Amino acid sequence: MTQNLSSYWIFYTVANAGNISKAAKELYISQPAISKSIQKLEESLNCKLFSRSSRGVILTDEGNLLYDHVKEAFETLSLGEDKLKRSIELGVGHIQIGVSSTLCKYMLLPYLSEFIHQNPHISISISCQSTNETLRLLDDNKIDIGLIGKPEVLKGLTFDHLSDIEDTFVATPEYLANLAERGIEKEEVLEHATLMLLDKNNVTRRYIDDYFQENLIDVSDTIDISDMGLLIDFAKIGVGVACVIKSFVSRELAKGKLEEIPLELPIPKREVGFAYKENVKHSKALESFIDFYKTFEPSDE
């Protein structure tokens, strides 16, 4: 395209008005300026676009051909503007969230459920990855925000604390009773029970392994499981002792379906929250989500 958009808008307005004087009033520019623009456009296209009549100007055959395309182009632009305005009014947008499968199920879903209810025109994409992978995706700008356990170093990230989580060990009362029949006291359970832990690639597992090492707890019979939900399910059917996040089994503990293993030294609590890049212009959708979770209180039900 050899001409700028204003030249075609002048051409389009003159064609619709059929009169240079009328078009000048609509465009708030002088008649000579319109005539000069049309002349320049005709010279550029090497053809005559208008012919004069007693009533004003009419399109030539070449002008009609160009007009059809220019009309379609401006109608498309107008449609795009209308859709953009509606999307802004409705709050249309898209958010990409990174989160581990465990935190997604037990912590993120309550937030998403209410946020989507309040913002039905914002679409959500979820990338279920480990915390380390979520941090990498944030660094590569492949996601907008991540729900993670707070890392030791927050490199270029803002971290908004949501809650503290507490790791604990649980088993059914029947499983613990069987251990007791074998002469194993509760204080010795971790060393003698079948211990179910998240797999070694998980940040939580490394945290628990450090706890074992620091407190000289020697565990031998372990089962690695990739999902916290499965850990809880296996514990509930009496497979062994599961290392879980305490708040995730609060109902089972309250109803007596699971029992917490007493620890001489409790496992230090960890922080969980949303992380996103600092000094980056956020979309309105992401800003809406950040404002939402800072005031939303999930129900305990």
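The values are calculated or read from the model by the stated rules, or taken from the named source; none is laboratory data. Small disclaimer: the values here were computed from a predicted structure and weren't measured. Glycine gets a Cβ as well: all are built from the backbone with ideal geometry, and neighbour counts include every protein chain shown.
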Response to the item:
Conditions (1) of a type outside the set (A, V, I, L, M); (2) more than 30 Å from His282 (Cβ to Cβ); (3) touching a helix residue (DSSP H, G or I) at 6+ places or on another chain (Cβ under 9 Å) -> Ser54 fails only (3)
Worksheet item: Can you pull out the strands (runs of 3 or more DSSP E) entirely within segment 212-301 that have at least 2 residues that are without any contact (Cβ under 8 Å) to a residue 60 or more places away in the chain and of a type in the set (A, V, I, L, M)?
Response: 222-225
Worksheet item: Given Asn132, Asn201, which one is in the same structural domain as Ile290 (by TED's automatic domain parsing) and polar (S, T, N, Q)?
Response: Asn132
Worksheet, complete the sentence: How many residues of segment 119-135 are more than 17 Å from Val272 (Cα to Cα) and out of contact with any helix residue (DSSP H, G or I) (no Cβ under 7 Å at 6 or more places or on another chain)? The answer is 3
Fill in: Elements of type strands (runs of 3 or more DSSP E) in segment 1-118, at least 2 residues being touching a Leu at 6+ places or on another chain (Cβ under 6 Å) and over 30 Å from Phe274 (Cβ atoms)
none
Discussion item. Residues that are among the basic types (Lys, Arg), surrounded by fewer than 17 Cβ atoms within 10 Å (Cβ to Cβ) and in the same structural domain as Glu278 (by TED's automatic domain parsing): does segment 153-170 have at least one?
Written reply: yes
Practice prompt. Output the residues belonging to segment 228-238 that are farther than 23 Å from Glu152 by Cβ and either assigned by TED's automatic domain parsing to the domain that holds Pro151 or crowded, with 16+ Cβ neighbours inside 10 Å (or both).
Written response: Leu231, Ile232, Phe234, Ala235, Lys236
Worksheet item: Exactly one of (1) in contact (Cβ under 8 Å) with a residue 60 or more places away in the chain; (2) charged (D, E, K, R); (3) not assigned by TED's automatic domain parsing to the domain that holds Val99 is unmet by Arg206. Its number?
Response: (1)
Worksheet item: Looking only at residues in segment 137-166 that are more than 18 Å from Ile245 (Cβ to Cβ) and out of contact with any Gly (no Cβ under 9 Å at 6 or more places or on another chain), which one is modelled with the highest pLDDT?
Response: Thr158
Response to the item:
If we keep only residues of segment 87-123 that are within 12 Å of the chain's Cα centre (by Cα) and of a type in the set (Gly, Ala, Ser), then the residue modelled with the lowest pLDDT is Gly93
